[in-house]
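Reading through the structure tokens given below for one structure.
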Amino acid sequence: MMDERGYQMLSAEAAIEMWHASRLSVTKTYEMSLEIIKAQDSVIGILGNFSASIGKAKSKKTFNVSAIVAAALMNGIVLRYTASLPENKLDTEQSPYYCQKVIKRILRICGLPDDKDHDNLEFLALRKYSTEERIEITRQAIYNLDDVGLVIIDGIRDFVYDINSPSESTKIITLLMQWTDERQIHIHAILHQNKGDENARGHIGTELNNKAEAVLLVEKDSQNHDISCVKSVHIRAMDFEPFAFRINIEALPELLDGYVIGNREGRKSKRQKFDPYVDISEQSHRIALETAFAKKPTYGYNELTDALKEAYALVSIRLSNNKASELISMLKCKRMIVQDSSKKYSYNPHFVY
């Protein structure tokens, strides 16, 4: 049976079965999920969960993820990544020519021959397929390949028609959570970053930020565009120190130990642009938003700007009009405030920071 939106409705019997299957008990013994990928000593990947990398075009996101895959393939250390997977647990996906270059790179990083396939590495080239076909092919591969442990989705944006669709984004993130939980695998997704800030693109990026156990940012160093830097935008575990790498003459990522990110020797650091996500604590955001929306449940844009400037001043944050505009963009992206069909803004107290 379909509902008015055209979605398949769940029967009462199926819902009851799923409810019973979802019960947890304090009398049962549950195994701790395996930690399979770390950046330094910080866990960024466990079986049963998913993570993401974001970055602007040409920031070397795929080179960085190649290092993660190589670490997993050899159960060793590449750049600052260490991996330890159960035997035969690896899968990844991406055009055939491009994929082959990435495969060869991964194998060379591992010190393996790049002229023959490796049993533990499977690539899927899904570019020619529709969105629904990509999703279904991925689902079938995950559920039918034996001993899959790590899945890389290089371009999670290609799993939705509209990157800003809340319903499509929620559907894909729900699938990631379902697949990782049911198959006890780890999925690492790659997504482009917004041009003007550090947020992942679109509503799918917002959902990734809210639900992923770690989101890594790969960006060119501000002082040297031949160097890429990796840091965490969001991580549930202990954070790790940012690190830098470059592409060496063999076209492989090479760690730059001791490199000072964004501040090459002999140059002044550039003043960092205001970032309301980094520069303002979650507690300050929550206090200010609750104060602003206690006075009025909804605001138009201009009213909201004035209300936020007044409320954030109470937590010692002075906002110019430009900073208030950047703040509103971030609050919308993180779904800390939501906009209805009449363009009015309201507070979402259940946001995940």
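Miscellaneous remarks
- The set of residues from the range 218-239 being part of a loop (DSSP other than H, G, I, E, B) and open to solvent by 10 Å² or more (accessible area, probe 1.4 Å) comprises SER222, GLN223, ASN224, HIS225, ASP226, ARG236, ALA237, MET238, ASP239.
- Unique match (being of a type in the set (Lys, Arg) and either open to solvent by less than 20 Å² (accessible area, probe 1.4 Å) or within 18 Å of THR206 (Cβ to Cβ) (or both)) among LYS273, LYS334, LYS309: LYS334
- Of the candidates TYR161, TYR143, the single residue that is of a type in the set (Ser, Thr, Tyr) and either on the phi > 0 side of the Ramachandran plot or open to solvent by 80 Å² or more (accessible area, probe 1.4 Å) (or both) is TYR161.
- ARG318 out of contact with any helix residue (DSSP H, G or I) (no Cβ under 6 Å at 6 or more places or on another chain) and assigned to a helix (DSSP H, G or I): no
- Residue check for THR174: hydroxyl-bearing (Ser, Thr, Tyr), surrounded by 15 or more Cβ atoms within 10 Å (Cβ to Cβ) and either modelled with pLDDT under 80 or on the phi < 0 side of the Ramachandran plot (or both): no
- Condition broken by SER167, with the remaining ones in (1) small (Gly, Ala, Ser); (2) under 28 Å from ASN348 (Cα atoms); (3) assigned to a strand (DSSP E or B) satisfied: (3)
- Scanning the range 102-113 for residues that are outside any helix (DSSP H, G or I) and either on the phi > 0 side of the Ramachandran plot or surrounded by 14 or more Cβ atoms within 10 Å (Cβ to Cβ) (or both) turns up CYS110, GLY111, LEU112.
- Restricted to the range 116-137, and to residues there that are part of a helix (DSSP H, G or I) and either open to solvent by less than 80 Å² (accessible area, probe 1.4 Å) or in contact with a Pro (Cβ under 6 Å, 6 or more places away or on another chain) (or both), the residue that is farthest from ALA70 (Cα to Cα) is THR131.
- Qualifying residue in the range 172-184 (condition: among the acidic types (Asp, Glu) and outside any helix (DSSP H, G or I)): no
- Test: VAL215 is among the aliphatic types (A, V, I, L, M), open to solvent by 20 Å² or more (accessible area, probe 1.4 Å) and under 10 Å from the mean Cα position of the chain (by Cα): no
- Residue within the range 42-55 that is closer than 25 Å to LYS171 by Cα, of a type outside the set (A, V, I, L, M) and at pLDDT below 65 present: no
- Test: ILE77 is modelled with pLDDT of 85 or more and either more than 20 Å from ILE54 (Cβ to Cβ) or open to solvent by less than 10 Å² (accessible area, probe 1.4 Å) (or both): yes
The values are calculated or read from the model by the stated rules, or taken from the named source; none is laboratory data. Nothing here was measured: the structure is a model prediction, and the numbers come from that model. In this analysis, Cβ positions are derived from the backbone assuming ideal geometry, glycine residues included, and neighbour counts consider all displayed protein chains. Only protein heavy atoms, including side chains, enter the accessible area calculation; ligands, DNA and RNA are left aside. Shrake-Rupley method; radii C 1.70, N 1.55, O 1.52, S 1.80 Å.
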